[in-house]
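Nothing in this text is a laboratory measurement; each read-out follows from the coordinates by a stated rule. As the structure is a computational prediction, the values presented were derived from the model and not from experiment. Because the Cβ atoms are built from the backbone with ideal geometry, glycine has one as well, and the counts that use them run over all protein chains shown.
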Amino acid sequence: MPEQSIRAIYSPVLFLHGDSDILIPQYYAQRNFDACGSAKKYIHIIKEAHHQDLGDQGGAIYREIVPAFFRENMRDSG
């Protein structure tokens, strides 16, 4: 189960998931988020996004969240 493996992840993690994803239900993203061992974990559910259109549906929010996550966490990695 993914939530067992993700417990061992301590690096920063950004979970992005579409609320209209029919391939992987949204509750799996939440379960993985909850199980993640990282102290720096973030989840963002993108409205009306499916499995492969997170960037398109997320628009400006998506284009802000992803680079901000990397800027913040690359700075911490030294």
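First select every other residue whose beta carbon is under 11 angstrom from the beta carbon of SER20; then total the charges, Lys and Arg +1, Asp and Glu -1.
Working: positive: LYS47; negative: ASP19, ASP21, GLU48, ASP53.
The answer is -3.
Taken over the C-alpha atoms, the chain has Rg and Dmax values of 13.0, 39 angstrom. Extension gain for SER38 to ILE61 (0.36 nm times residue separation, less C-alpha to C-alpha distance): 6.0 nm.
Relative contact order of segment 2-76: 33 percent, from C-alpha pairs under 8 Å at least 6 residues apart in sequence.
So how strong a dipole does the chain carry about its Cα centre when Lys and Arg Cβ are +1 and Asp and Glu Cβ are -1, to the nearest 20 debye? Mind dumping the intermediate values first?
On the way: 8 positive and 10 negative charges, 69 e Å.
The dipole magnitude comes to about 340 debye.
Please identify every one of the trypsin sites (Lys or Arg not before Pro) in segment 11-64 that sits in a loop by DSSP and has no more than 14 other beta carbons within 10 Å of its own beta carbon. Hits after loop and neighbour filter: LYS40, LYS47. Between VAL66, ALA8, PHE33, the Cα set farthest toward the positive side of the dipole of segment 2-76 (charges on each charged residue's Cβ, about the Cα centre) is that of ALA8. The distance separating the Cα centre of segment 5-26 from that of segment 31-78 comes to 9 Å.
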